[in-house]
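Here the structure comes first, spelled out in structure tokens, and everything after it is commentary.
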Amino acid sequence: MSEAIISNLAADPDAIVVGQNSHIRGQLLTYGHGGQITIGDWCYVGARSELWSMESISIGDRVLIAHDVNIHDGTAHSRVAAERHRHFRHIVERGHPTTAKQLPGVFSSAIVIEDDVWISFGVTILKGVTIGQGSIIAAGSVVTKDVPPQTLYRCQISPILTPLSAVLQPGQLT
């Protein structure tokens with residue numbers, strides 16, 4: 001794993017587990033307040049790929065993850081601007097938060113990638129998704145829902161413009 005970037009912010013020796021004969025060229029990051037990354041045997045994670053965990057990312061055996069793939073099991077930041085700013089200031093002034101209570105408006109949900117999955121380049125996989133055994137995720141796809149086993153998944157999301165005022169309460173925009 002000499003090419004891997006390992007960022008275990010909680011310094012938990014059990015937070016990141018990589019199986020035998022797996023080759024990691026991207027970044028594996030677990031947050032200071034939690035997170036678990038487990039990668040099975042004979043897996044590959046390509047250059048510039050980022051697996052960032054607040055809760056759990058579980059990858060089976062013989063999974064191929066191409067370059068420039070993003071797998072994130074959490075939202076990382078609140079939708080509310082003031083909370084995002086407090087979170088950023090906390091990181092700058094005191095380091096990464098060590099408890100979920102320090103992250104209001106941030107949500108996470110486990111990601112499971114089953115055996116023999118191939119994830120092509122430029123894919124983004126978001127929280128709460130399970131990708132079934134043997135599936136292929138096409139280049140540039142954004143995965144926000146479960147993918148059944150043995151499925152070719154192709155999804156390039158069209159722009160959807162929603163005013164923040166429609167998803168936030170009055171007074172939360174600042």
Residues of segment 109-143 that turn out to be touching a residue at least 24 places away in the same chain (Cβ under 8 Å), of a type outside the set (Asp, Glu) and touching a Lys or Arg at 6+ places or on another chain (Cβ under 6 Å), as a count
1
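Could you tell me whether SER49 is at negative phi, buried (at least 17 other Cβ atoms within 10 Å of the Cβ) and within 18 Å of the chain's Cα centre (by Cα)? Before you say what the answer is, go through the steps one by one.
Numbers: at negative phi: yes; buried (at least 17 other Cβ atoms within 10 Å of the Cβ): yes; within 18 Å of the chain's Cα centre (by Cα): yes.
So SER49 passes the test.
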Complete set of residues in segment 16-46 that are under 12 Å from the mean Cα position of the chain (by Cα) and either at pLDDT 95 or above or farther than 26 Å from HIS77 by Cβ (or both):
GLN27, LEU28, GLN36, ILE37
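Step by step: first the residues of segment 79-96, then only those that are in contact (Cβ under 8 Å) with a residue 60 or more places away in the chain and out of contact with any Ser or Thr (no Cβ under 8 Å at 6 or more places or on another chain), then the one that is farthest from GLY132 (Cα to Cα). Which residue is that? Outline the logic, then answer.
To start, the set of residues in segment 79-96 that are in contact (Cβ under 8 Å) with a residue 60 or more places away in the chain comprises 79-82, 95-96.
Narrowing further to those that are out of contact with any Ser or Thr (no Cβ under 8 Å at 6 or more places or on another chain): 79-80, 95-96.
Details: ARG79: 30, VAL80: 34, GLY95: 37, HIS96: 33 Å.
Among those residues, the one meeting the criterion is GLY95.
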Of all residues in segment 47-72, which are farther than 15 Å from GLY122 by Cβ, modelled with pLDDT of 95 or more and charged (D, E, K, R)?
ASP61, ARG62
Here is a check on your reading of the model: is SER2 in a loop (DSSP other than H, G, I, E, B) and either touching a residue at least 40 places away in the same chain (Cβ under 8 Å) or more than 21 Å from LEU126 (Cα to Cα) (or both)?
yes
Among (1) surrounded by fewer than 20 Cβ atoms within 10 Å (Cβ to Cβ); (2) among the β-branched types (Val, Ile, Thr); (3) free of Cβ contacts under 8 Å to residues at least 60 places away in the same chain, there is one condition THR99 misses while meeting the rest; what is its number?
(3)
Looking at this structure, is GLU55 surrounded by 19 or more Cβ atoms within 10 Å (Cβ to Cβ), charged (D, E, K, R) and within 18 Å of SER7 (Cβ to Cβ)?
yes
Can you find a residue in segment 6-27 that is within 26 Å of ALA100 (Cα to Cα) and of a type in the set (Ser, Thr, Tyr)?
yes
Would you mind listing the strands (runs of 3 or more DSSP E) fully within segment 25-140 where at least 3 residues are of a type in the set (A, V, I, L, M)?
111-113
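The values are calculated or read from the model by the stated rules, or taken from the named source; none is laboratory data. Note that the coordinates shown come from a computational prediction; the quantities given were computed from them, not determined experimentally. Note: ideal-geometry Cβ built from the backbone for every residue, glycine included; neighbour counts use all protein chains shown.
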